[in-house]
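**Q** Below you'll find the structure I mean.
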Amino acid sequence: MTAPSLTALVVAKRSGRRAWALVEHPGWSAEAVCPRGTTHAQALLAAVEVLLLRPPAVQARPVALLCDDQKLALALGELGPRLPYLTVCAPRSVIGGSLLHNRAEQTVRRILRDATGARLTLTAASDGSHASHTRRGSWAWLAEDGTFGFGHARCTEPLEAELHGIHELLKGAPTTHDLTVLCDSRAAIRLVNSLLPARPGGPWRDPEARSARVHGTLHAIRHQLATRPPVLLRWVRGHDGHPLNEGADRLAPHARRAVAGLVDPGTARATAAAIATEAVSRWQVTTARAHS
């Protein structure tokens, strides 16, 4: 009978992120950082699924799974008849098991360190515009890298337009960066911050808004916050000369005029690009002066 291959399984957590690693002797390993919000049980399940789908040449060998998670060991033990080639045991009960388990722990720490280490931060401003005599509103956002977005939204109050701007920024900004959102609406920032968990890894809170429309927008914002890298909302005083905030503030009413038919789409896009370029140039000059 073929000697069983030793496979160490470790799940670890750092800065709210979980990762798992499978390290086998001889010669096979797998690792992954889990999406945000993944529970410990889900991470273990993902690792076991990968273990069961090893390459055909590796699958032929029986497996001694080294795991110090007692709940997982019991669960897999109950599946024994369906997994006859899989034996779950403690790392210390097998010769060389502790060394292999340590290698898996080192692998998890490394990939978590890489995933949660220093990240680039993107600064962007969002804004909303609302016409009090109509149900028309608009939103806009502008990032320091020159990307921008603008559009219209049906809304009944300025706060709703501001929240649309934040939501569209979270949708459009790259997920490769942490995000600092500049907003000149204290009410919008308060509502968005009220969605955050009371403690890291805790449950996300329900929206506190009374308006059904605002409530729906906050649900969408909460989903974005839960699935993308960290977001920091920072208040800036409106019309106070902040380049990115001023740029977003110009783009939002421009979007409303374009939707009303006062500007054709091609001209509207070209004008928006010019506004964004000018605002980002002023932002770069301001940032350079601050660091000189």
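The values are calculated or read from the model by the stated rules, or taken from the named source; none is laboratory data. No experiment lies behind these values; they were computed from the predicted model shown. Here the Cβ is made from the backbone with ideal geometry for all residues, glycine too, and neighbour counts use every protein chain on show.
**Q** Mind listing whichever residues of region 12-40 are within 24 Å of P62 (Cα to Cα) and out of contact with any Lys or Arg (no Cβ under 6 Å at 6 or more places or on another chain)?
**A** W20, A21, L22, E24, H25, P26, G27, W28, S29, A30, E31, A32
**Q** Could you tell me whether A188 is among the aliphatic types (A, V, I, L, M) and free of Cβ contacts under 8 Å to residues at least 12 places away in the same chain?
**A** Values: among the aliphatic types (A, V, I, L, M): yes; free of Cβ contacts under 8 Å to residues at least 12 places away in the same chain: no.
No: the conditions fail for A188.
**Q** While we're here: Tell me yes or no: at least one residue of region 131-138 is more than 12 Å from L233 (Cα to Cα) and either at pLDDT 90 or above or buried (at least 23 other Cβ atoms within 10 Å of the Cβ) (or both).
**A** First pass over region 131-138, keeping only residues more than 12 Å from L233 (Cα to Cα): 131-138.
Next, from what is left, pick out any that are either at pLDDT 90 or above or buried (at least 23 other Cβ atoms within 10 Å of the Cβ) (or both): 137-138.
Looking through region 131-138, at least one residue is more than 12 Å from L233 (Cα to Cα) and either at pLDDT 90 or above or buried (at least 23 other Cβ atoms within 10 Å of the Cβ) (or both).
**Q** Also, I was wondering about something else. Output the strands (runs of 3 or more DSSP E) that fall wholly within region 93-209 and possess 2 or more residues being among the hydroxyl-bearing types (S, T, Y), or say none.
**A** Details: elements: 121-130, 136-143, 148-154, 178-183.
The strands (runs of 3 or more DSSP E) meeting that bar are 121-130.
Here is a yes/no grid of residues against (1) of a type in the set (S, T, N, Q); (2) outside the structural domain of K13 (by TED's automatic domain parsing); (3) within 30 Å of T271 (Cα to Cα):
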{"site": "F148", "(1), (2), (3)": "no, yes, yes"}
{"site": "H164", "(1), (2), (3)": "no, yes, yes"}
{"site": "T175", "(1), (2), (3)": "yes, yes, yes"}
{"site": "D178", "(1), (2), (3)": "no, yes, yes"}
{"site": "C183", "(1), (2), (3)": "no, yes, yes"}
{"site": "A209", "(1), (2), (3)": "no, yes, no"}
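**Q** Within 25 Å of C34 (Cα to Cα), in a loop (DSSP other than H, G, I, E, B) and not aromatic (F, W, Y), is that true of D240?
**A** Details: within 25 Å of C34 (Cα to Cα): no; in a loop (DSSP other than H, G, I, E, B): yes; not aromatic (F, W, Y): yes.
The answer is no for D240.
**Q** Right, T7: surrounded by fewer than 18 Cβ atoms within 10 Å (Cβ to Cβ) and of a type in the set (S, T, N, Q) or not? Walk me through how you get there before you give the answer.
**A** Values: surrounded by fewer than 18 Cβ atoms within 10 Å (Cβ to Cβ): no; of a type in the set (S, T, N, Q): yes.
No.
**Q** Another question, if that's okay. Please go through region 91-107 and give me each residue that is among the β-branched types (V, I, T) and more than 14 Å from V63 (Cβ to Cβ), ordered by number.
**A** Taking region 91-107 and keeping what is among the β-branched types (V, I, T), we get 94-95, 107.
I95, T107 - these are the residues of region 91-107 that are among the β-branched types (V, I, T) and more than 14 Å from V63 (Cβ to Cβ).
**Q** In this structure, does A212 turn out to be more than 21 Å from A279 (Cα to Cα) and surrounded by fewer than 19 Cβ atoms within 10 Å (Cβ to Cβ)? Please lay out each step first, then the result.
**A** On the way: more than 21 Å from A279 (Cα to Cα): yes; surrounded by fewer than 19 Cβ atoms within 10 Å (Cβ to Cβ): yes.
Spelling it out, A212 is indeed more than 21 Å from A279 (Cα to Cα) and surrounded by fewer than 19 Cβ atoms within 10 Å (Cβ to Cβ).
**Q** Just the residues that are modelled with pLDDT under 85 and of a type in the set (V, I, T), please, taken from region 17-66.
**A** V48, V58, V63
**Q** Condition test on T271, is it of a type in the set (S, T, N, Q) and buried (at least 16 other Cβ atoms within 10 Å of the Cβ)?
**A** So T271 fits the description; yes.
Condition check ((1) in a helix (DSSP H, G or I); (2) more than 29 Å from the chain's Cα centre (by Cα); (3) assigned by TED's automatic domain parsing to the domain that holds T175; (4) closer than 19 Å to G149 by Cβ) across all residues:
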{"residue": "G247", "(1), (2), (3), (4)": "yes, no, yes, yes"}
{"residue": "P253", "(1), (2), (3), (4)": "yes, yes, yes, yes"}
{"residue": "R257", "(1), (2), (3), (4)": "yes, yes, yes, yes"}
{"residue": "V263", "(1), (2), (3), (4)": "no, yes, yes, yes"}
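**Q** Where residues in region 172-193 are within 18 Å of the chain's Cα centre (by Cα) and either farther than 24 Å from A125 by Cβ or among the small types (G, A, S) (or both), which of them is surrounded by the fewest Cβ atoms within 10 Å (Cβ to Cβ)?
**A** Out of the qualifying residues, it is G172.
**Q** Shifting gears a bit: Report, ordered by the first and then the second residue, all pairs with beta carbons closer than 6 Å, sequence separation of six or more or different chains, a first member in region 26-43 that is in the same structural domain as V108 (by TED's automatic domain parsing), and a second member that is of a type in the set (S, T, Y).
**A** Correct list of pairs: E31/T107.
**Q** What are the pairs, 6+ residues apart or on separate chains, where a residue within region 148-173 that is touching a residue at least 12 places away in the same chain (Cβ under 8 Å) and polar (S, T, N, Q) has its Cβ under 7 Å from a residue that is surrounded by fewer than 24 Cβ atoms within 10 Å (Cβ to Cβ) and in a helix (DSSP H, G or I)?
**A** Partner pairs satisfying both residue conditions: T156/R213.
**Q** Against the condition polar (S, T, N, Q), surrounded by fewer than 17 Cβ atoms within 10 Å (Cβ to Cβ) and either without any contact (Cβ under 8 Å) to a residue 24 or more places away in the chain or not in a helix (DSSP H, G or I) (or both), how does T277 come out, does it pass? Steps first, answer last, please.
**A** Numbers: polar (S, T, N, Q): yes; surrounded by fewer than 17 Cβ atoms within 10 Å (Cβ to Cβ): yes; either without any contact (Cβ under 8 Å) to a residue 24 or more places away in the chain or not in a helix (DSSP H, G or I) (or both): no.
In short, no.
**Q** Output the residue which, of all residues in region 90-112 that are among the polar types (S, T, N, Q) and more than 22 Å from L76 (Cα to Cα), is farthest from the chain's Cα centre (by Cα). If you could, list the steps in order and put the result at the bottom.
**A** From region 90-112, those among the polar types (S, T, N, Q) are 93, 98, 102, 106-107; that's our starting set.
Imposing the further condition that a residue be more than 22 Å from L76 (Cα to Cα) reduces the set to 106-107.
On the way: Q106: 25, T107: 23 Å.
Residue satisfying both the conditions and the ranking: Q106.
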